[in-house]
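Engineer: Have a look at this one.
Bear in mind that the values in this text are calculations on the coordinates, not laboratory data. Everything quoted here is computed from the prediction, not taken from an experiment. For neighbour counting, all protein chains shown are included, and Cβ atoms are generated from backbone atoms with ideal geometry for every residue, glycine included.
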Amino acid sequence: MLSLSNFRKYYGSHLALSIDTLQFQPGAYWVKGENGAGKTTFFKALAGLLPCQGTVQFDDGTSLHAHPVAYRRRVHYAEAEPLYPGFLTGKDLLRFAGKARQAPEGQQQELVEAFAMSRYFETPCETYSSGMMKKLSLALAFLGSPTVILLDEPLITLDEQARRRLFDRIRTAAERQNVTFLISSHQLWEPELLPVQGVCQVANQTVVAA
Ligand SMILES: Nc1ncnc2c1ncn2[C@@H]1O[C@H](COP(=O)(O)OP(=O)(O)OP(=O)(O)O)[C@@H](O)[C@H]1O
């Protein structure tokens, strides 16, 4: 379980988000909110990519501020619009991230197949379409042994088959490895494809269980 208390995120003197307490269990949470509500800000702060205040920690005490390396190893984030250096291949990026995260043997190849990237993952990223780039970013988010995966608008640019593969993957990781997923999406949720543990609403500078 991931718990937040007295969480605050400021941009300069502007308070972007304030959350007194919030907890996430294993499973998938749909994070809703209007444009500019603060979803990306929330995800980036939870991922340790933006500074924030307060306590964000796991059950075993591993915390964002006290154990930044151990915490970040457990929290992966996939951007809404991923960009990578164009000269690197998907294979380069998977190998690099796999090494940094001590990913299990064979996991990279397994993700390449799961996200149907075999045809292109050995070519430079600058040749990828936006959907191809998106699949790479999603595969990277699953690489390693994360406890929490933050997916910012994962459905945009994905075709129907890729979407189904992603939902299967999320369901399996949530059920078998107790992974928590926070998923932001402006698209209508499809509960028959992916049942959710909860829904969160980002509005009025806070995040609440809806
Ligand atoms: N670097 C920044 N400096 C100052 N304000 C920022 C910065 N980044 C975002 N904001 C502001 O924080 C608020 C939340 O932005 P954020 O990108 O988190 O929203 P969002 O919910 O992800 O929006 P969308 O659905 O449009 O992607 C907005 O008012 C935005 O203008």
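Engineer: If we count every other residue with Cβ under 13 angstrom of LEU194's Cβ, Lys/Arg +1 and Asp/Glu -1, where does the sum land? Each step should come with its number before you reach the end.
Structural biologist: Working: positive: ARG163, ARG164, ARG165, ARG169, ARG171; negative: ASP168, GLU175, GLU190, GLU192.
Counting the neighbours of LEU194, the net charge comes to +1.
Engineer: While we're on this one: Let me have the relative contact order for the chain, percent, based on Cα pairs under 8 Å that are six or more residues apart.
Structural biologist: 31 percent
Engineer: Averaged across orientations, what area in nm² does the convex hull of the alpha carbons in the chain project? Numbers along the way, then the final one.
Structural biologist: Details: hull surface 45.8 nm².
Projected over every direction and averaged, the Cα hull of the chain covers 11.4 nm².
Engineer: Please report ASP92, ASP159 as a ranked list, fewest other C-beta atoms within 10 angstrom at the top and most at the bottom. Present the calculation step by step, with values, prior to reporting the outcome.
Structural biologist: Values: ASP92 16, ASP159 11.
Ascending number of Cβ neighbours within 10 Å: ASP159, ASP92.
Engineer: Please identify the longest segment of the chain free of exposed GluC sites (Glu not before Pro), where exposed means a DSSP state other than H, G, I, E or B and no more than 13 other Cβ atoms within 10 Å.
Structural biologist: Counting only loop sites that pass the neighbour cut-off, the longest clear stretch is 35-104.
Engineer: Right, another one. Grab the DSSP H runs of the chain that are 4 residues or longer, score each as -39,500 (n - 2.57), total them, divide by all residues and round the 222 nm result to the nearest 500 deg cm²/dmol. Don't skip to the end; give the middle numbers.
Structural biologist: On the way: 6 runs with 65 residues, N = 210.
Per the formula, -9500 deg cm²/dmol.
Engineer: If one computes the Cα centroid of segment 80-141 and of segment 50-66, what distance in Å separates the two points?
Structural biologist: 28 Å
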